[in-house]
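Visitor: Got a structure for you, questions after.
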């Protein structure tokens, strides 16, 4: 075989090898996560109930299909005494159904839920008397149905909802005894149904909702003893068909009737 032919064959093999190396390197440099697609948690019913700290800690062992799951296709409910942290849920990215935190007297932080970006159903945070803030929800961008924050006696504001941009149904903020302002939701643009702010005894300011442009049905702000004005809703441009913005001040009631 002539030298030219040998050189041609060698060059072809080298180029092919180099192409394969470059192709592999290209895939490696895409920066894709280890699991580019969501891995569903194994659920045998319509709901996952976590009623103890061990249930939370062993979440991936119980529902992870032998690995790590990050998507819950059903409801997730967390409730009960003795639950002090939610670290066992740190890999969860989405909940397709409802996410409920209810009657958790020993929980002071929702840290552990920082990976949750979307809740397809309702998000309810109800009856957490020692909850000091919502910072553990910093990754949340949307709630498909209702967002309810009720009966949490120690949260001072809504700091922690910094990524939230939309609520599909109503946003209800009720009976939070030490809530002083609504600061903490700078990206919220739209609420599909009602904005309800009711019976928060120490609420003195609506804070700032700088990009809230529309509420689908009505705004109800009642029985907040220390709240005397509507400053913070200046950017609100549309309130459904039932309540013109010009009538918002007329429906605002200070104190309890």
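The values are calculated or read from the model by the stated rules, or taken from the named source; none is laboratory data. Please read these numbers as outputs of a predicted model, since none were measured by experiment. Neighbour counts are summed over all protein chains in view; Cβ atoms, including those assigned to glycine, are modelled from backbone coordinates with ideal geometry.
Visitor: Kindly check whether there is at least one residue in segment 47-57 that is under 15 Å from the mean Cα position of the chain (by Cα), under 23 Å from residue 151 (Cα atoms) and modelled with pLDDT of 95 or more.
Guide: No, segment 47-57 contains no residue that is under 15 Å from the mean Cα position of the chain (by Cα), under 23 Å from residue 151 (Cα atoms) and modelled with pLDDT of 95 or more.
Visitor: Let me ask another. So which of 246, 208, 181 is at pLDDT below 85 and in a loop (DSSP other than H, G, I, E, B)?
Guide: Answer to the check: 208.
Visitor: A further question on this structure: Tell me which residues, restricted to segment 93-107, are free of Cβ contacts under 8 Å to residues at least 40 places away in the same chain and in contact with a strand residue (DSSP E or B) (Cβ under 8 Å, 6 or more places away or on another chain).
Guide: Scanning segment 93-107 gives 95, 96, 99, 100, 101, 102, 103, 104, 107.
Visitor: Okay, next question. Taking residue 78 as the residue in question, decide whether it is within 18 Å of residue 128 (Cβ to Cβ) and either part of a strand (DSSP E or B) or in contact (Cβ under 8 Å) with a residue 24 or more places away in the chain (or both).
Guide: yes
Visitor: Working carefully through the options 88, 31, 97, find the one that is part of a loop (DSSP other than H, G, I, E, B) and modelled with pLDDT of 85 or more.
Guide: Within the list 88, 31, 97, the selection yields 97.
Visitor: Looking only at residues that are touching a residue at least 24 places away in the same chain (Cβ under 8 Å) and over 18 Å from residue 45 (Cα atoms) in segment 59-75, which one is surrounded by the most Cβ atoms within 10 Å (Cβ to Cβ)?
Guide: Applying the filter and picking the extreme gives 68.
Visitor: Can you confirm whether residue 96 is surrounded by fewer than 17 Cβ atoms within 10 Å (Cβ to Cβ) and either under 14 Å from the mean Cα position of the chain (by Cα) or not assigned by TED's automatic domain parsing to the domain that holds residue 238 (or both)?
Guide: no
Visitor: Anything in segment 148-168 that is within 15 Å of residue 110 (Cα to Cα) and under 10 Å from the mean Cα position of the chain (by Cα)? List them, or say none.
Guide: The answer is 160, 161, 162.
Visitor: Report yes if some residue within segment 190-201 is under 21 Å from residue 83 (Cβ atoms), at pLDDT 95 or above and assigned to a loop (DSSP other than H, G, I, E, B); otherwise report no.
Guide: no
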